[in-house]
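The values are calculated or read from the model by the stated rules, or taken from the named source; none is laboratory data. Worth saying up front: this structure is predicted, and the values here are computed from it rather than measured. Don't worry about glycine lacking a Cβ; one is built from the backbone with ideal geometry, like all the others, and counts go over all protein chains shown. Accessible surface is based on the protein model in full, side chains and every heavy atom, while ligands, DNA and RNA are left aside. Shrake-Rupley method; radii C 1.70, N 1.55, O 1.52, S 1.80 Å.
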Amino acid sequence: MQLSSFRGGIHPPHHKHETEHKAIVTAPISEKIILPLSQHIGAPCKPLVKVGQQVKAGQKIAESESFISAPIHASVSGIVESIAPHPHFTGVDMMSIIIIPDRNQESVPFPEIANPEEEPAERIKTLVKEAGIVGMGGAAFPTFVKLYPPKDKRIDSLVINACECESFLTCDHRLLLERMDDILKGVNLVLRAIEAQSAYIGIEDNKPDAIQAVRARIEAAGFSNIQVVALETKYPQGCEKQLIKAVLNREVPLRKLPSEVGAVVQNAGTVLAVYEAVRFGKPLIERVLTVSGPGIQTPQNILAKLGTPISHLISFCGGWKDGPPGKIVVGGPMTGFAIANLDIPIVKGTSGIVVFPRHLVPDPDRYWPCLKCGKCADICPMFLTPNLIGYYSEKERYREADECGALDCMECGSCAFVCPSRRPMIQLIRKAKAQIMAQKRKPMMK
């Protein structure tokens with residue numbers, strides 16, 4: 001099989017065998033649902049409900065007038081208990097609507113469209129916006145914004161990210177196997193919305209069953225405008241710029257968007273949500289995620305209501321394995337966020353929860369000086385010199401860090417993975433980026 005890829009990257013252990021063959025199961029509704037007012041890149045929403053108000057599943061409960069934002073809907077029916085700051089996976093408290101579910105679980109009526117493929121492009125975009133769909137691979141960028149590429153850019157290709165290059169995560173893999181027809185219908189709807197001619201579904205070659213099944217289904221359905229591209233299993237294959245290089249052999253310039261090279265990228269779970277929104281009028285109120293890792297008793301792929309506390313899903317998976325955990329990561333182990341509070345809820349972009357027992361978690365404060373081995377520069381998919389950026393960040397020499405391209409780092413974590421000195425590269429680069437951005441904003445604030 002001929003495989004496509006990009007320059008750089010790493011090969012972390014897959015650890016997917018624990019869940020890749022397990023069908024998606026539905027989690028029961030938790031006793032409390034916590035919906036942060038910002039679950040996406042862009043402006044946070046403002047509440048449309050009050051404390052004590054009865055809400056139905058699918059009811060819009062928060063929105064923003066800003067262009068880059070996405071409305072939030074109740075994922076269950078029940079009573080609004082409070083609207084107050086609540087711990088969030090990013091480490092800060094975020095204003096959230098907390099709902100106590102009732103027994104009836106009544107939904108608002110979802111308006112269905114029998115033949116969504118006949119809907120005009122503008123209608124599809126409006127339905128996607130109203131459904132509050134964001135990128136479900138983790139970035140959480142409002143999807144409808146991507147359906148409006150710059151008017152001076154001609155888009156010819158839609159690239160579907162079905163790589164799932166992070167270790168442990170298998171939720172997109174399972175969606176490809178279990179919801180394939182609906183995903184392909186979603187691909188065609190997005191193609192219609194952006195007026196592109198061709199779609200390419202990028203799947204890493206550690207999912208041969210998905211590659212074979214999707215190709216067979218495309219052929220059977222006669223979708224001549226959709227192709228599957230088998231990709232080398234490598235991290236970070238799923239990042240937009242690396243994926244476009246691997247699939248289309250086009251290079252997105254630094255600090256530019258995929259539209260610069262005629263492409264739009266969407267995640268496999270996102271196009272499924274687009275289909276459900278247009279065909280059934282269903283807002284984004286639930287998602288599939290993977291709960292896995294050596295510290296969890298029964299790893300699973302789970303369909304759960306947005307706002308479900310992580311503690312509820314941990315219990316659903318049988319609780320801890322090998323005692324209390326040493327580390328819990330929301331998202332993938334490379335790009336996710338470590339958390340210390342199990343009352344934190346899953347949100348639209350939560351693709352996984354990975355649990356590590358204490359004996360597998362290294363001391364984060366134990367690291368050594370840079371050896372200048374250059375391994376981080378060899379594998380950096382953005383062709384940066386992470387060792388230098390990290391050094392300048394330590395010395396608070398942010399101008400030099402900026403000159404080394406710190407702002408172009410996409411924080412994939414590959415440099416930290418290969419560093420023999422176990423230096424906290426991502427933390428150092430994030431610190432440099434924050435300081436550089438603060439310096440650049442100063443003249444604008446005068």
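Filter the stretch 279-303 down to residues that are of a type in the set (Lys, Arg) and not in a loop (DSSP other than H, G, I, E, B) and give me whichever is surrounded by the fewest Cβ atoms within 10 Å (Cβ to Cβ). Outline the logic, then answer.
Taking the stretch 279-303 as the starting set, the residues that turn out to be of a type in the set (Lys, Arg) are 279, 282, 287.
Next, only the ones that are not in a loop (DSSP other than H, G, I, E, B) stay: 279, 287.
Values: 279: 21, 287: 24.
Only one residue tops the list, namely 279.
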Exercise. Keeping to the stretch 189-248, report how many residues are of a type in the set (D, E, K, R), under 13 Å from residue 4 (Cα atoms) and over 20 Å from the mean Cα position of the chain (by Cα).
Key: 2
Exercise. Go through the residues of the stretch 265-278 one by one and say whether even a single one is open to solvent by less than 10 Å² (accessible area, probe 1.4 Å) and assigned to a loop (DSSP other than H, G, I, E, B).
Key: no
Quiz prompt | Where a residue in the stretch 105-126 is within 10 Å of residue 277 (Cα to Cα) and its partner, wherever it lies, is among the small types (Gly, Ala, Ser) and open to solvent by less than 40 Å² (accessible area, probe 1.4 Å), with Cβ under 7 Å and at least six apart | solution = 110/58; 110/281; 111/281; 112/281; 124/193
Quiz item: So residue 312 fits all but one of (1) in contact (Cβ under 8 Å) with a residue 40 or more places away in the chain; (2) outside any helix (DSSP H, G or I); (3) open to solvent by 30 Å² or more (accessible area, probe 1.4 Å); what number is the exception?
Solution: (2)
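Kindly indicate whether residue 417 is assigned to a helix (DSSP H, G or I) and either open to solvent by 60 Å² or more (accessible area, probe 1.4 Å) or at pLDDT 95 or above (or both). Full working, then the answer.
Values: assigned to a helix (DSSP H, G or I): yes; either open to solvent by 60 Å² or more (accessible area, probe 1.4 Å) or at pLDDT 95 or above (or both): yes.
Yes, satisfied.
Looking at the stretch 350-365, is at least one residue under 19 Å from the mean Cα position of the chain (by Cα) and either surrounded by fewer than 21 Cβ atoms within 10 Å (Cβ to Cβ) or part of a loop (DSSP other than H, G, I, E, B) (or both)? Full working, then the answer.
In the first step, residues of the stretch 350-365 are kept if they are under 19 Å from the mean Cα position of the chain (by Cα); the result is 350-355.
Next cut, either surrounded by fewer than 21 Cβ atoms within 10 Å (Cβ to Cβ) or part of a loop (DSSP other than H, G, I, E, B) (or both) only: 350-351.
Yes: the stretch 350-365 contains one or more residues that are under 19 Å from the mean Cα position of the chain (by Cα) and either surrounded by fewer than 21 Cβ atoms within 10 Å (Cβ to Cβ) or part of a loop (DSSP other than H, G, I, E, B) (or both).
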Exercise. Identify all residues within the stretch 2-47 that are touching an Asp or Glu at 6+ places or on another chain (Cβ under 9 Å) and at positive phi; write none if there are none.
Key: 8, 9
Practice problem: Any residue in the stretch 391-402 that's closer than 19 Å to residue 371 by Cβ: show its pairings with residues that are among the basic types (Lys, Arg) and open to solvent by less than 90 Å² (accessible area, probe 1.4 Å) at Cβ separation under 6 Å, as long as the two are six or more apart or on different chains. | Solution: 393/431
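Give me the strands (runs of 3 or more DSSP E) completely within the stretch 20-100, filtered to those with at least 3 residues that are open to solvent by 60 Å² or more (accessible area, probe 1.4 Å), in contact with a strand residue (DSSP E or B) (Cβ under 6 Å, 6 or more places away or on another chain) and more than 30 Å from residue 180 (Cβ to Cβ), ordered by residue number.
On the way: elements: 33-36, 60-63, 78-87.
In the stretch 20-100, the matching strands (runs of 3 or more DSSP E) lie at 78-87.
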Quiz prompt | Residues within the stretch 428-440 that are surrounded by 14 or more Cβ atoms within 10 Å (Cβ to Cβ) and not hydrophobic (A, V, I, L, M, F, W, C), tallied | solution = 4
Self-check item: Subset of the stretch 101-120 [surrounded by 15 or more Cβ atoms within 10 Å (Cβ to Cβ) and part of a helix (DSSP H, G or I)]
Solution: 116
Exercise. Scan the stretch 354-377 and report the pairs whose first residue is in contact (Cβ under 8 Å) with a residue 12 or more places away in the chain and whose second residue is loosely packed, with under 10 Cβ neighbours inside 10 Å, with Cβ atoms within less than 8 Å and a gap of 6+ or a chain change.
Key: 358/324
Quiz item: What about residue 15, is it under 30 Å from residue 378 (Cα atoms) and crowded, with 18+ Cβ neighbours inside 10 Å?
Solution: yes
